[in-house]
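Chemist: For reference, the structure I am asking about is given below.
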Amino acid sequence: MRLLRHPGPAAQQRILVEPSAAAAEFAVELEAGADLLGAFDDILAARGIEGAAIRFAGGILDRIGFVTGVPDATGYRIATHSAPTRTGGPVMLLAGSAIFGRVDPKTFRTHCHAVFVLPGGEVRSGHLLGGECPVAIPGARAFVTSTGTSHFQVAFDSETNFALFEPRRTP
Amino acid sequence: MTGGDQPGVTVGKFARVLSVRVRPNIDLIESVEKICADHGIRHAEVRSAVGSLTDATLRLPSGEQRTIIGPGLEIALTSGRVAPDDVGAIQARVYGLVSDSAGHPHGGEFVRGANPVFVTLELVLQEWLPEGA
C-alpha cells in the first residue's frame, strides 16, 4: 500500500468519529429546475438537519459540471481538483454518494461524487460541482439519512491544505 | 420474526449512526472494521462514503485484483456492510467505483490493506441490529 507524505504536519488522530442515535430517514424527489446539490440546503434546513448521508438513485440532468483529481503542479498540495468539465445534457445520473454539512453558521455544502451517462453514452464519474447540475424532467431521487446529534463541519486541514468536512457533535 | 421461514431474509432495525472522517494513509476497509470494533458494532451498513484514494485495488468478479494508480482517485460510489465472519471477527465488505483523472470509472470490491485514503474519507456508517443475532 503506497503511502504519501502531504505538505503539512500529520495530526496524530487518524480517524475521527461522532456517534448518534438513529435519526430521520426519508426519500426526496427533486423536481426539474432544482440544483442537484444546492436543493438540499433548504430541504434539510427546513427539517432542522445539519448533517446527512445522501444516496442518489437515478435522475436526469439538464447539464453537468464535474472535476476529478489531478497532480498539483504548484506543489501546494500533492493533487488537487482538475479544471471543470462542463457537458450539456441530457445527462443520466446513475448513482451517487454525498455528505451534507456546514461550511459556516449560514452556509451548507453537499459534497457529492457520482457516476453518470453523458448524452453520447459514455459513462463517467467524478466530483459534482454545486450550482452546475440542474435537474431536468422527470427529476431525480435521493435517500437521506440524518446524522442526528452529529454533523459535518468544514475546517481547514493543514496536513493536506484542503478545507474538509470533519464530524462534530451538534450543540 | 427473524425471517427464518425465508432463507436469506433477516429482519432487524437500524440503530446508531456514525459520522466519520478518515485521514490520509489509512486503509478504507481496515478503518471501517476498526471503527465498528471500537464502538461495539457487529453489523453495519455504509450509508455514504465520499473521498479519495491514493491508489485503488479492486477485486473483480473473476477474483483477479486490479490496481488503479492515482493519487487522487475519487471514490464515486460505495455500498457495503459489516458483519462477523465465520469465527466472529468483524469483517467489512465494501464495493464501489473510483474515478480516475479522466473521469473513467473503475469498479469492484475494495481489497483490505490496499486502498489508502488520499486526502480524506467522509463516511456515514449505520449500525444494523438483526433480530436474534
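Just so it is clear, none of the values below were taken in a lab; they were calculated from the coordinates. Nothing here was measured: the structure is a model prediction, and the numbers come from that model. Positions of Cβ are generated from backbone atoms using ideal geometry, with glycine treated the same way; all protein chains shown enter the neighbour counts.
Chemist: Please state the charge dipole magnitude for the protein assembly as shown, taken about the Cα centre, from unit charges on C-beta atoms (+1 on K and R, -1 on D and E), reported in debye and rounded to the nearest 20.
Modeler: I would put it at about 360 debye.
Chemist: What is the average number of partner chain Cβ atoms found within 10 Å of a Cβ in B:63-74?
Modeler: Taking all residues of B:63-74 together, the mean is 3.
Chemist: Then there's this: Provide the net charge surrounding B:Arg21, with neighbours chosen by a C-beta distance below 13 Å and charges set as Lys +1, Arg +1, Asp -1, Glu -1.
Modeler: Working: positive: A:Arg14, A:Arg168, B:Arg23; negative: A:Glu18, A:Asp157, A:Glu159, A:Glu166, B:Glu122.
After counting each charged neighbour, the total is -2.
Chemist: Filter the trypsin sites (Lys or Arg not before Pro) in the stretch A:1-58 to those in DSSP coil with at most 11 other Cβ atoms within 10 Å of their Cβ, and list the result.
Modeler: A:Arg5
Chemist: Something else about it: Checking a compactness column here: for the stretch A:25-147, what do you get for Rg(Cα) / (2.2 N^0.38 Å), N being the number of residues?
Modeler: Details: Rg = 14.6 Å, N = 123, 2.2 N^0.38 = 13.7 Å.
My calculation over the Cα atoms of the stretch A:25-147 gives 1.07.
Chemist: Just flag the trypsin sites (Lys or Arg not before Pro) in the stretch A:57-162 sitting in loop per DSSP whose Cβ has no more than 14 other Cβ atoms within 10 Å.
Modeler: Of the trypsin sites (Lys or Arg not before Pro), the ones in loops of the stretch A:57-162 whose Cβ has at most 14 other Cβ atoms within 10 Å are A:Lys106.
Chemist: Given contacts defined as C-alpha pairs under 8 Å and at least six residues apart, what's the relative contact order of the stretch A:49-171, whole-number percent?
Modeler: Reported as a whole number, the value is 33 percent.
Chemist: Roughly how many Å is it from the Cα centre of the stretch A:106-133 to that of the stretch A:30-88, as a whole number?
Modeler: The distance from the Cα centre of the stretch A:106-133 to that of the stretch A:30-88 comes to 5 Å.
Chemist: Also: Only helical DSSP H runs with n ≥ 4 go in: add -39500 (n - 2.57) per run for the protein assembly as shown, normalise by residue count and round the 222 nm mean residue ellipticity to 500 deg cm²/dmol. Each step should come with its number before you reach the end.
Modeler: Working: 2 runs with 19 residues, N = 304.
The helix-only estimate for the protein assembly as shown comes to -2000 deg cm²/dmol at 222 nm.
Chemist: For the pair A:Glu31/A:Val117, report the inter-label distance in nm, with labels modelled 7 Å from Cα in the Cβ direction.
Modeler: Roughly 2.7 nm, to one decimal.
Chemist: Kindly provide the chymotrypsin sites (Phe, Trp or Tyr not before Pro) of the stretch A:14-97 that DSSP labels as loop, not H, G, I, E or B, and whose Cβ sees at most 15 other Cβ atoms within 10 Å.
Modeler: For chymotrypsin sites (Phe, Trp or Tyr not before Pro) across the stretch A:14-97 that sit outside H, G, I, E and B with at most 15 neighbouring Cβ atoms in 10 Å, the list reads A:Tyr76.
Chemist: Moving to a separate point now. Provide the net charge surrounding A:Lys106, with neighbours chosen by a C-beta distance below 15 Å and charges set as Lys +1, Arg +1, Asp -1, Glu -1.
Modeler: Working: positive: A:Arg102, A:Arg109; negative: A:Asp41, A:Asp42, A:Glu50, A:Asp104.
Spelling it out: positives minus negatives among the neighbours equals -2.
Chemist: By how many degrees, 0 to 90 and rounded to 10, does the Cα axis of helix B:28-38 deviate from the longest principal axis of chain B?
Modeler: Helix B:28-38 and the main axis of chain B meet at about 40 degrees.
Chemist: Per Stokes-Einstein, at 37 °C and 0.692 mPa s, what whole-number D in µm² s⁻¹ belongs to the protein assembly as shown, with the Kirkwood radius over Cα pairs as the hydrodynamic radius? Show your work: numbers first, answer last.
Modeler: Working: Rh = 19.5 Å.
Using the Kirkwood radius from Cα pairs, D works out to 168 µm²/s.
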